[in-house]
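Trainee: I have a structure here, written as structure tokens, and I will follow up with some questions on it.
What follows draws every value from the coordinates through simple rules; no lab data is involved. The shown structure was predicted, so the numbers you read here are calculated from the model rather than taken from an experiment. FYI the Cβ positions are ideal-geometry reconstructions off the backbone, even for glycines, and counts take in every protein chain you see.
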Amino acid sequence: MLQKGMITKLTAKNTIEICSENVPVLRDDGILIETGLAGICGTDIHIIENADRVPFKNVLPITLGHEITGRVCKIGKNANGAMYCDDQLAEGDKVVLYAFLPCGNCWWERNLGTSHNLICDHPREGYFTNPDKPPYFVAGWSDYMYIQPGSHLWKVPDDMPFELSVLTEPFSMGIRAVNKALSLPGWKNLQTTGFGGMAVVLGAGAIGISTAIAAKIAGCGKVVLIGGPKKNLDIAVKSGAADEIIDIMEISSEERIEKIRQMSDYRAGADVVFEAAGVPQAFLEALEMTRKEGTCVELGCLIDDGSAATVNVATHIVAKDITLYGVTNQPPQDFTKALKCFKSFGDRFDFEAMLTHTFGLDEFQQAIDLVKDPVNKPIKAAFKGKGYK
């Protein structure tokens with residue numbers, strides 16, 4: 001009798017079905033993992049809420065979940081040679097997965113070396129595809145996940161809890177954002193993000209707090225975290241992510257902007273501002289908080305939900321001579337950096353404090369409702385799969 005596992009399917013806007021599927025026959029070049037934890041990302045919520053919009057409405061059903069850690073339960077005889085991994089993998093190994101398959105040969109990758117899915121013109125089919133056909137288990141919100149050849153995997157220490165390894169993907173996004181901010185040249189002192197500079201992060205979710213920690217690792221002297229609810233801000237301070245916090249429930253936008261100016265040198269504004277809240281209006285706030293010749297990084301607004309904010313290009317960007325970066329997602333090399341940071345800075349930052357809630361797949365609606373609750377929302381929540389012990 002074939003083994004079965006639970007799987008979630010997004011079938012329409014705000015409509016998720018939970019069903020059972022047969023575990024597929026493993027090919028020689030494939031790996032099957034039992035999902036340990038799979039994070040719930042703000043992008044996942046935006047996709048659920050906008051599944052009737054291009055580009056999602058024409059590809060449903062899909063399974064979501066791209067923040068994935070688990071344990072190898074079956075491995076094909078040729079799978080190690082078919083994967084990108086520094087270690088030989090075996091049944092029982094804990095792993096982290098980069099769940100994207102860029103083609104490796106489109107114009108962007110040939111000419112720019114861009115090795116991530118959201119820039120690639122022709123990503124290979126394998127993940128986030130139709131879960132109604134084999135191999136069914138094509139994303140993290142499920143009991144199992146079928147690992148396709150050509151995937152990037154990292155073996156993690158057996159004593160690293162899933163509660164930490166599941167944070168690899170969101171923390172790598174913080175690293176990506178900070179790397180962008182650090183790409184300015186040091187001459188003429190334009191690069192002041194590190195060496196004691198002041199950073200502001202808008203958004204107190206896992207991406208925002210990850211960015212705050214990454215900024216401190218990169219050398220920022222003061223990191224101010226703006227968001228809510230208050231309990232999440234307090235966790236960020238306790239975990240070492242933020243030096244100062246501003247609760248958006250208590251202070252208006254105008255007051256927040258003025259408060260940042262008062263905190264900064266010469267009342268000029270922050271050296272670098274990261275928008276990780278995923279709200280277009282917050283992007284305007286970020287621009288206002290950025291000092292002249294400062295840097296603003298937008299990494300929160302990935303999914304087009306039809307909302308927009310009006311930017312005064314002359315006032316917000318040109319007159320201040322700022323550098324503006326956008327971040328869509330990260331290359332797999334940033335996963336390596338994230339795992340190194342967990343090891344090297346685990347005594348300085350409580351990374352695991354970001355994961356505040358876990359749910360079974362049968363608690364799906366309860367989990368989604370909580371994540372969308374502006375008052376009680378967690379920093380990071382995750383679904384437990386078959387491999388969670």
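Trainee: Would you indicate which of (i) 14; (ii) 19; (iii) 25 is the value of percent of Cα pairs over 40 Å apart derived from the coordinates of this structure?
Mentor: Given (i) 14; (ii) 19; (iii) 25, the calculated one carries the label (i).
Trainee: Number of Lys-Lys pairs in the stretch 1-157 under 30 Å by Cα, sequence gap 8 or more or different chains?
Mentor: Eligible lysine pairs with Cα atoms under 30 Å apart amount to 24.
Trainee: Let me ask something else about it. If you fit an axis through the alpha-carbon atoms of helix 206-217 and take the longest principal axis of the Cα set of the chain, what angle between them do you get, 0 to 90°, nearest 10?
Mentor: 60 degrees
Trainee: Loop by DSSP (not H, G, I, E, B), at most 14 other beta-carbon atoms within 10 Å: where is the longest site-free stretch of the chain for GluC sites (Glu not before Pro)?
Mentor: Looking at the chain, 251-389 is the longest stretch - no exposed GluC sites (Glu not before Pro) with at most 14 other Cβ atoms within 10 Å.
Trainee: Looking at the square roots a ≥ b ≥ c of the eigenvalues of the Cα gyration tensor of the stretch 171-326, which shape do they give, rounded for a/c under 1.5, prolate if a/b is larger than b/c, or oblate? Each step should come with its number before you reach the end.
Mentor: Working: a/c = 1.28, a/b = 1.07, b/c = 1.19.
It comes out rounded by the Cα gyration axes.
Trainee: On full extension of the chain, what length is gained from residue 250 through residue 340, given 0.36 nm per residue of separation minus the C-alpha to C-alpha distance?
Mentor: 28.7 nm
Trainee: Just want the answer: with Cβ charges of +1 for Lys and Arg and -1 for Asp and Glu, which residue in 65, 103, 54 is farthest toward the dipole's positive end in the stretch 1-113?
Mentor: The one lying farthest along the dipole's positive direction is 54.
Trainee: Can you compute 3J(HN,Hα) from phi for each residue in the stretch 77-91, using the Karplus curve 6.51 cos²θ - 1.76 cosθ + 1.60 with θ = phi - 60°, rounded to whole Hz and x for Gly and Pro?
Mentor: Running phi through 6.51 cos²θ - 1.76 cosθ + 1.60 with θ = phi - 60° gives 5, 10, 5, 4, x, 9, 10, 9, 7, 6, 10, 6, 9, 9, 4 Hz.
Trainee: From the phi angles alone, apply the Karplus equation (6.51, -1.76, 1.60; θ = phi - 60°) to the stretch 225-240 and give each ³J(HN,Hα) in whole Hz, x where the residue is Gly or Pro.
Mentor: Result, ordered by residue: 9, 10, x, x, x, 4, 4, 6, 5, 5, 5, 4, 5, 5, 7, x Hz.
Trainee: Below 8 Å, C-alpha to C-alpha, sequence gap of six or more: please give me the relative contact order for the stretch 171-326 in percent.
Mentor: 20 percent
Trainee: How far is it, in nm, from the label point at residue 60 to the one at residue 106 when both lie 7 Å from their Cα along the line to the Cβ?
Mentor: Reported label-point gap for residue 60 and residue 106 is 2.4 nm.
Trainee: Please give the length that would be gained between residue 304 and residue 87 if that part of the chain were fully extended, namely 0.36 nm times their separation in residues minus their C-alpha to C-alpha distance (nm, one decimal).
Mentor: Between residue 304 and residue 87, full extension yields 74.3 nm more.
Trainee: A further question on this structure: Taking amide H positions as placed in the peptide plane 1.01 Å from N, state which residues far from residue 74 in sequence (5 or more) or on other chains have amide H under 5 Å from it.
Mentor: So residue 74 has HN proximity to 32.
Trainee: Say we join alpha carbon atoms closer than 10 Å with springs in a Gaussian network model of the chain; which of 276, 51, 319 then has the biggest fluctuation?
Mentor: Per the Cα network of the chain with a 10 Å cutoff, 319 tops the list.
Trainee: In percent, how large is the relative contact order of the stretch 184-227, given Cα pairs closer than 8 Å and 6 or more residues apart?
Mentor: Details: 68 pairs, mean separation 19.3, N = 44.
Once divided by the residue count of the stretch 184-227, the mean separation gives 44 percent.
Trainee: Something else: In whole Hz, what ³J(HN,Hα) sequence does the stretch 355-367 give by Karplus (6.51, -1.76, 1.60; θ = phi - 60°), x for Gly and Pro?
Mentor: Once rounded to whole Hz, the list reads 7, 9, 9, 10, 9, x, 4, 6, 9, 4, 5, 4, 5.
Trainee: Suppose each label sits 7 Å from its Cα in the direction of the beta carbon; what would the residue 389-residue 27 distance come out to in nanometres?
Mentor: 3.0 nm
Trainee: Divide by every residue of the chain the summed helix terms, -39500 (n - 2.57) for each DSSP H run of at least 4, and state the resulting mean residue ellipticity at 222 nm, rounded to the nearest 500 deg cm²/dmol.
Mentor: Helix contribution divided over all residues of the chain: -7000 deg cm²/dmol.
Trainee: Same structure, new question: What is the angle, in °, between the Cα long axis of helix 168-181 and the longest principal axis of the Cα atoms in the chain? Nearest 10 is fine, range 0 to 90.
Mentor: Roughly 40 degrees between the two axes.
Trainee: Exposure proxy check: 295, 69 ranked by fewest other beta carbons within 10 Å?
Mentor: Details: 295 26, 69 31.
The most exposed by this proxy come first: 295, 69.
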